[in-house]
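Structure first, commentary second.
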Amino acid sequence: MYRETPHPIFLHDYQPPEFLIDRVDLAFELDPEQTMVTARLELRRNPAATRGDGTVCLHGEQLELEWIALDGHPLNPVDYRVERESLTVQRVPDRFVLETQVRIHPAHNTALEGLYQSGDMLCTQCEAEGFRRITYFLDRPDVMARYSATLIADKTRFPVLLSNGNRVASDDLDDGRHRVRWEDPFPKPSYLFALVAGDLRAVEDSFTTASGREVALQIFVEPHNLDKCDHAMRSLKKAMRWDEERFGREYDLDIFMIVAVSHFNMGAMENKGLNIFNDKFVLARPDTATDVDFDGIESVIAHEYFHNWTGNRITCRDWFQLSLKEGFTVYRDQEFTADVASRGVKRISDVRVLRSHQFTEDASPMAHPVRPDSYIEINNFYTATVYQKGAEVVRMQANLLGPEVFRRATDLYFARHDGQAVTTDDFVRCMEDASGRDLSQFRRWYEQAGTPELHIQTSYDEATRTCSLIVRQHTEPTPGQPVKAPFHLPLAIGLLGPDGRDLPLRLAGASSPDAPGTHVLELRQAVETFHFVDLPARPVPSLLRGFSAPVKLSFDCTDDDLLFLMAHDSDGFNRWDAAQTLMQRLLLNLVEDAEAGIPESFFDAFRRALRDEASDRALLAEVLTLPAESYLGEQMAVVDVDGIHRARTTLTRLIGERLRDDLLAVYRDNGESGPYAFTPEAVGRRALKNLALGYLMQAEDAEALARCQAQFAGAHNMTDVMAALRLLVDRGGLESRQALDEFYRRWSGESLVLDKWFSVQATSPREETLTQVIQLMRHPDFSLGHPNRVRSLVSAFCNLNQVRFHAADGAGYRFLADRVLELDPLNPLIASRLVKSLIRWRRFDPGRQALMRAEIARILEREDISKDVFEVASKALD
Ligand code: ARG
Ligand code: ZN
């Protein structure tokens, strides 16, 4: 057990900082084994704070203090106290300069927070609380300072030395080292500090801002990756232009740098002027990266760039406000992708992620509001709730206000709060002030956890030609929140006439009819009734169009209604959702009764869709994809792991058998043509073609196998190669082994491609997968110190392979807990993320529940587990 139970931190305990820091001058003598950090801080008492006891207490962890001086005078040991996580200086004046020198050890920093070694380079990750592992500081986002950084390092090993802002001086020292000085003119919180040292090369370009300023753009990578930066650079320029056009936001420094590093805990980091990226979100060549990778790069590059305004210029007052920057920035990157690619497809994939990650989190012991009110370890709150639900909450406000007013509201936000550290409440107030609307009830979206359930009953009265909707909302209790008040939410609806077209909508009592199309109802009560009058015929309702609110919707409709919506709904999202609901019904029937038939009408609809030449292929591929096993599990009272796998495999095979000729035609018609292009059109063709191949392979079609092997051997892009490899591996046998060996021979030198080799094996539903994964843990290319590799093997198995991870004998659970215990002393953040795969134990049968709980308990028994793991594991058993 944890020696002393770690204490939570509460939002309601927030106090402004007693001291502010105006200026920070840092000097680093960089060396992987030991780096000396000298810091000169200009502190002054915060006029807005209540007076303390005349001491100042700075954060610091794992620092070896070499010396300390106040206003130029070295301090006596009686004047300060060093503890495990702090440095307290007694009797300080209202304004003073504090100088410290500490020693740190980057090469031994396996947590990858603070200054650490990644491959041959040194880099930093300071969000959320990594800066305190670099120097003593008031490491909280509401302390904003101007920084300079002087970096000294061996010139041959570390020819490139980078930090935030502008490079203002550089010279060579006579001991083989060189020195570079950087100054960042913008005040920033410490979590945005960054430095990089390495033997790097840059791809360079430039961007002219709307007001005509020239910005130098540089992407730094290890030399052998120089040929994989084009897509990232293109994405960056697109994002810069889009933010000017859509949000009126111009970049503010003369230089913008991105560095790709191989060892990184998360996706990427928006440090001022010097974004540091997991190389997975930078490096791409058509033959090394899939469409999904290209897509991820475009949106993560945009996301981090957008943070320059939503995060850096305006930052968070405290970490409870994390969604202020993350929710808004995710919303912005979603809109960017919607504008530059396909809006419909983007919405579908965002909702998929929301439902599979956020809804499940909201129904788990880790459920928390978009603005949490307590945490033990903030790293545990970089969650789907803060990011994706936070984005939905911004999206609802944008939709309630409408595009013009929302733009005025964001302009107001940028003008009013530039240079400040603020709260989600300040954001909502700007929405209110710009629109004149009252959003007080809407604020519950930030305060209450849990996914609202919307139940809608519709009826039609022939005599009065009126369609009535009774809408009920209800939110289940979540930990610490037994009772929920109703939410204010937009419900977008349409009513389809017999010909499939939208009918004109007129609410009873309203003077004139709306134009045919979508009407947005605003819900505020637990139960509300709406009457649409003057309808020419009984309509089929299309509800929650575009997924206008992050809720679980249930409504009474027949399979025929769903087929009708799937064929006709003017809302692309709802066409997809109708198809998903229908397939979910068929599959859950099959889970209950393995002999249940599949109605002919389903195959007809599927066939019609396949033959529809006119339709957008990317959208079609989404519509024709069966719901994931994990998602199906969510729809059951108790997840039937094996039943779901059997049912989904059966339906996949039936589709492959029954629609063979159409699938083969689709496969042939959408083959690789010409050089790789990352356009929505080309991406859609590949997605549809590979989906068709998947159905055919499940049907054990001989022609399909030949085509699959040919595609694996001959394709010029990684999307098609991986799709074929995946299908060969899942099929098993000699072909699988050969393909894996061949793939390894070809790509073992490319770390990111090798990750795919690991994960394609870890996610295979074959019975022997866990055995295989355990063997792969011993592969020379596997390392627990490399987060991308851990994610590609261990996390992939635990999170993306429901049927094998949840094997009834508990072997998957034991495997996971063993890995958590191995990883925790090295990298608590990664260990803690893994624990999350166990916390939904209540969703399973008693046998599995007991096995999962036993593993969580085993984790908690370990002495000195990290705060990170303790928080998740202990909440899981609460
Ligand atoms: N701000 C980064 C992003 O969303 C995430 C960094 C989180 N890192 C961490 N160690 N918690 O783009
Ligand atoms: Zn972010």
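The values are calculated or read from the model by the stated rules, or taken from the named source; none is laboratory data. All of these numbers come straight from a predicted model, not from anything done at the bench. FYI the Cβ positions are ideal-geometry reconstructions off the backbone, even for glycines, and counts take in every protein chain you see.
Couple of notes before you dig in:
- Restricting the range 335-352 to residues that are part of a helix (DSSP H, G or I) and polar (S, T, N, Q) leaves a set whose member that is farthest from Val872 (Cα to Cα) is Thr337.
- The residues listed here are Arg241, Arg179, Arg234; of these, the one that is more than 23 Å from Leu829 (Cβ to Cβ), among the charged types (D, E, K, R), part of a strand (DSSP E or B) and away from ligand 1 (no atom under 16 Å from the Cβ) is Arg179.
- For the condition within 15 Å of ligand 2 (Cβ to nearest atom), β-branched (Val, Ile, Thr), closer than 14 Å to Ala449 by Cβ and part of a loop (DSSP other than H, G, I, E, B), Val370 qualifies.
- Residue selected from the range 268-277 under the condition touching a helix residue (DSSP H, G or I) at 6+ places or on another chain (Cβ under 6 Å) and in a loop (DSSP other than H, G, I, E, B), by the criterion farthest from Ser349 (Cα to Cα): Lys272
- You will find that of Thr288, Thr315, the residue that is of a type in the set (S, T, N, Q) and away from ligand 1 (no atom under 16 Å from the Cβ) is Thr288 and no other.
- Residue within the range 7-20 that is free of Cβ contacts under 8 Å to residues at least 60 places away in the same chain and in a loop (DSSP other than H, G, I, E, B) present: yes
- Qualifying residue in the range 265-275 (condition: touching a Pro at 6+ places or on another chain (Cβ under 7 Å) and either of a type in the set (S, T, N, Q) or away from ligand 2 (no atom under 13 Å from the Cβ) (or both)): yes
- Contact map, the range 839-854: first residue at positive phi, second residue surrounded by 19 or more Cβ atoms within 10 Å (Cβ to Cβ), Cβ cut-off under 7 Å, separation 6 or more or different chains; the map is empty.
- Tallying residues that are part of a helix (DSSP H, G or I), β-branched (Val, Ile, Thr) and more than 12 Å from ligand 2 (Cβ to nearest atom) within the range 278-300 yields 2.
- Flag if Arg313 is more than 18 Å from the chain's Cα centre (by Cα), within 22 Å of Ala391 (Cβ to Cβ), surrounded by fewer than 24 Cβ atoms within 10 Å (Cβ to Cβ) and of a type outside the set (Phe, Trp, Tyr): yes
- Condition check for Asp13: loosely packed, with under 12 Cβ neighbours inside 10 Å, at pLDDT 95 or above and out of contact with any Asp or Glu (no Cβ under 8 Å at 6 or more places or on another chain): yes
- Of all the listed residues (Leu98, Leu87, Leu122), the sole one being over 37 Å from the mean Cα position of the chain (by Cα), buried (at least 22 other Cβ atoms within 10 Å of the Cβ), at pLDDT 95 or above and in a strand (DSSP E or B) is Leu98.
- Candidate set from the range 41-63 (those that are part of a strand (DSSP E or B) and basic (Lys, Arg)); member that is surrounded by the fewest Cβ atoms within 10 Å (Cβ to Cβ): Arg44
- Of the residues making up the range 21-34, just one is in a loop (DSSP other than H, G, I, E, B) and aliphatic (A, V, I, L, M), namely Leu30.
- Extreme residue, surrounded by the fewest Cβ atoms within 10 Å (Cβ to Cβ), among residues of the range 325-351 that are more than 12 Å from ligand 1 (Cβ to nearest atom) and aliphatic (A, V, I, L, M): Ala338
- Residue within the range 450-460 that is touching a strand residue (DSSP E or B) at 6+ places or on another chain (Cβ under 7 Å), among the charged types (D, E, K, R) and over 23 Å from Leu354 (Cα atoms) present: no
- Selected residue (only one of Ser832, Ser783, Ser792, Ser874 is polar (S, T, N, Q), at pLDDT 95 or above, within 16 Å of ligand 1 (Cβ to nearest atom) and touching a helix residue (DSSP H, G or I) at 6+ places or on another chain (Cβ under 8 Å)): Ser832
- Residue in the range 154-164 that is in contact with a Lys or Arg (Cβ under 9 Å, 6 or more places away or on another chain), closer than 30 Å to Glu18 by Cβ and part of a loop (DSSP other than H, G, I, E, B) present: yes
- Criterion: closer than 30 Å to Phe870 by Cβ, part of a helix (DSSP H, G or I), of a type in the set (Lys, Arg) and in contact with a helix residue (DSSP H, G or I) (Cβ under 8 Å, 6 or more places away or on another chain) - qualifying residue of Arg332, Arg407, Arg355: Arg355
- Every residue from the range 376-428 that is more than 30 Å from Glu4 (Cα to Cα) and of a type in the set (Ser, Thr, Tyr): Tyr387, Thr410, Tyr413, Thr423, Thr424
- Residue match in the range 25-40 (condition: more than 19 Å from Ser148 (Cα to Cα), surrounded by fewer than 16 Cβ atoms within 10 Å (Cβ to Cβ) and touching an Asp or Glu at 6+ places or on another chain (Cβ under 7 Å)): no
- For the range 410-446, residues that are in contact (Cβ under 8 Å) with a residue 12 or more places away in the chain, assigned to a helix (DSSP H, G or I) and over 17 Å from Arg317 (Cα atoms) total 9.
- Scanning the range 447-489 for residues that are free of Cβ contacts under 8 Å to residues at least 24 places away in the same chain and part of a strand (DSSP E or B) yields Ser459, Asp461.
- Count - residues of the range 247-264 that are crowded, with 21+ Cβ neighbours inside 10 Å and either within 14 Å of ligand 2 (Cβ to nearest atom) or within 12 Å of Gln218 (Cβ to Cβ) (or both): 6
- 1 or more residues β-branched (Val, Ile, Thr): qualifying helices (runs of 4 or more DSSP H) within the range 601-662: 617-623, 641-658
- Residue list for the range 680-706, restricted to those being part of a helix (DSSP H, G or I) and more than 32 Å from the chain's Cα centre (by Cα): Leu696, Ala702, Glu703, Ala704, Leu705, Ala706
- In the range 806-841, of all residues being touching a Ser or Thr at 6+ places or on another chain (Cβ under 9 Å) and part of a loop (DSSP other than H, G, I, E, B), the one that is farthest from ligand 2 (Cβ to nearest atom) corresponds to Pro825.
- In the range 373-397, residue nearest to ligand 2 (Cβ to nearest atom) [restricted to those that are surrounded by fewer than 21 Cβ atoms within 10 Å (Cβ to Cβ) and β-branched (Val, Ile, Thr)]: Ile378
- Figure legend. Inter-residue proximity from the range 152-168: first residues without any contact (Cβ under 8 Å) to a residue 24 or more places away in the chain, second residues surrounded by 14 or more Cβ atoms within 10 Å (Cβ to Cβ) and basic (Lys, Arg), beta-carbon distance below 7 Å, spacing 6+ or different chains. Indicated pairs: Lys155/Arg177; Val168/Arg181.
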